[in-house]
Amino acid sequence: MIKISRKHQKEDAEIRSITDQLASDMEKEFDVNHHWSGNVLKFSRTGIDGAIELKDGEVEVRLKKSFFVPLSDSFLKSKIEEKLDLLL
C-alpha cells in the first residue's frame with residue numbers, strides 16, 4: 001500500500017479542483033477511472049485501487065496495486081508526489 005499525505009492551506013473549492021486535476025492527469029497517464037464519494041475521490045483500473053481523501057488542511061492519497069501491475073511502487077509514489085508538489 002502506498003500512502004502519501006500533503007498539508008495545504010487552500011480553500012475547499014480550490015483543493016477539490018486541484019484534486020480533480022490530479023485525477024485527470026492520472027486518468028491520462030495510468031488509464032484509471034475516478035469518481036467522487038463525499039470528500040473522497042476514488043480511482044481504479046485493473047490491478048489498481050486507490051483514493052484521494054480531502055481532510056481539513058491535508059490531502060491523503062492511498063493506492064493499492066496488484067503484484068501483476070508492471071509499475072513499481074516507488075515509480076508510482078514518485079509520480080504522485082511529483083504531481084501533488086506541483087499542484088499544491
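What follows is calculated from the coordinates using simple rules that are stated; it is not laboratory data. Everything numeric in this text was worked out from a predicted model, so none of it was measured. Reconstructed Cβ throughout: ideal geometry from the backbone, glycine too, with neighbour counts over all protein chains shown.
Observations on the model:
- Spacing of the modelled spin labels on SER44 and GLN21, each 7 Å from Cα toward Cβ, amounts to 2.8 nm.
- Pairwise FRET efficiency - ASP85 versus ASN33, Cβ, R0 = 25 Å, nearest 0.05: 0.55
- Tilt relative to the chain, helix 73-87 - C-alpha long axis, 0 to 90 degrees, to 10: 20 degrees
- Cα long-axis angle, helix 12-30 against the chain (0 to 90 degrees, to the nearest 10): 20 degrees
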